[in-house]
Every structure is written in structure tokens, then in C-alpha cells.
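J.: Before I ask anything, here is the structure I am working with.
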Amino acid sequence: MATWTNDELRKIAAAEELDLASLRRDGTLGDTVTIWVVRVGDDLYVRSWKGHNGAWFRATRTRHAGQVKADGAGKDVTFVPEAGAVINDQIDAEYRRKYRRHGGRYVDPMVAATARATTIKLVPRSTAV
């Protein structure tokens with residue numbers, strides 16, 4: 001089982017944005033989307049500010065695998081839904097802390113119920129799918 005290295009966790013968590021691409025049915029990477037990412041403990045999380053209507057979010061539900069890159073670090077990942085209330089509260093707090101300089105106009109949608117319902121844990125995986 002693949003894991004995040006300390007360097008990957010540090011780089012990706014410190015990055016302002018993350019590039020994410022889902023695998024298509026044919027095994028190739030789909031279009032890349034640039035989104036916010038937060039770290040809680042030794043895990044990385046992303047959300048769709050458009051909720052379930054976000055095209056990239058829908059793509060993660062099709063194959064559940066893809067690739068992420070940020071600040072020179074990248075990894076093949078599995079997209080794992082995260083619905084736990086306690087961890088989502090911690091993720092909310094991290095979005096507020098990390099992106100506070102952007103103000104409520106941008107941060108509030110990321111901690112709203114619609115985005116919270118799309119929380120995805122990025123789990124490193126081996127390259128085989």
C-alpha cells in the first residue's frame with residue numbers, strides 16, 4: 001500500500017492549490033482541475049465548492065482514482081468519500097485557517113453543507129488500477 005511521504009505531505013499541504021485529474025474509463029487521465037487542498041493530520045482532503053454539481057467531483061465518482069500534483073509533489077490517488085462529522089469539522093477549520101486571506105466570499109462556500117457533502121480524502125495508491 002502506498003503512503004504519503006513527509007515531503008509530499010508538507011509540499012502539498014503548503015501549496016495554495018492542487019492539480020487533480022481523474023482517470024477515465026480507458027485508464028487515461030482526464031482534464032486537470034485546480035482546486036484547494038487541506039491537510040488534517042497525515043491526510044489530505046479536497047471539496048467541490050459547487051457541491052455534487054462540480055464536473056471534477058462527478059468524475060471522481062466514476063472511477064474513484066486519479067492523480068494529484070502540487071508544488072513539485074505528485075501521486076496517484078484513490079478518491080475516498082469522507083462523511084464523518086468530527087473530521088469534517090476539522091477540515092472546515094483548516095479551510096478557514098489556510099485560506100482566510102481570501103475572505104468569506106471564497107471560504108464560506110468551501111465550508112457550506114453542499115461542499116462539505118463532497119469531502120474527498122486523497123489516499124495514495126500504487127499505479128495499478
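No value in this document is a laboratory result; all are computed from the given coordinates. What you are looking at is a predicted structure, and each value in this text was computed from that prediction instead of being measured. Counting neighbours? That spans all protein chains shown, and the Cβs are built from the backbone with ideal geometry, glycine included.
J.: Would you mind finding the longest exposed-site-free stretch of the chain, with exposed GluC sites (Glu not before Pro) meaning DSSP loop and at most 15 other Cβ atoms within 10 Å?
T.: Numbers: sites that count: Glu16, Glu17.
Answer - 18-129.
J.: Further question on the same structure: Label point 7 Å out from Glu16 along Cα-to-Cβ: which residues of segment 52-91 have amide N under 13 Å?
T.: Answer for segment 52-91: 71.
J.: What's the center-to-center distance, using Cα atoms, between segment 16-54 and segment 94-109 in Å?
T.: The distance from the Cα centre of segment 16-54 to that of segment 94-109 comes to 18 Å.
J.: Ranked from highest to lowest mean number of other Cβ atoms within 10 Å per residue, what is the order of the peptides 49-57, 113-121? Each step should come with its number before you reach the end.
T.: On the way: 49-57: 16.3, 113-121: 17.9.
The peptides rank, most packed first, as 113-121, 49-57.
J.: Write down Rg/Rh for the chain, rounded to two decimals, with Rg from the C-alpha atoms and Rh from the Kirkwood relation over Cα pairs.
T.: Working: Rg = 13.6 Å, Rh = 14.6 Å.
Expressed as Rg/Rh, it is 0.94.
J.: Related question: Using R₀ = 30 Å, calculate the FRET efficiency as 1/(1 + (r/R₀)^6) where r is the Cβ-Cβ separation of Tyr106 and Thr3; round to 0.05. Numbers along the way, then the final one.
T.: Details: r = 31 Å, r/R0 = 1.04.
E(calc), rounded to 0.05, equals 0.45.
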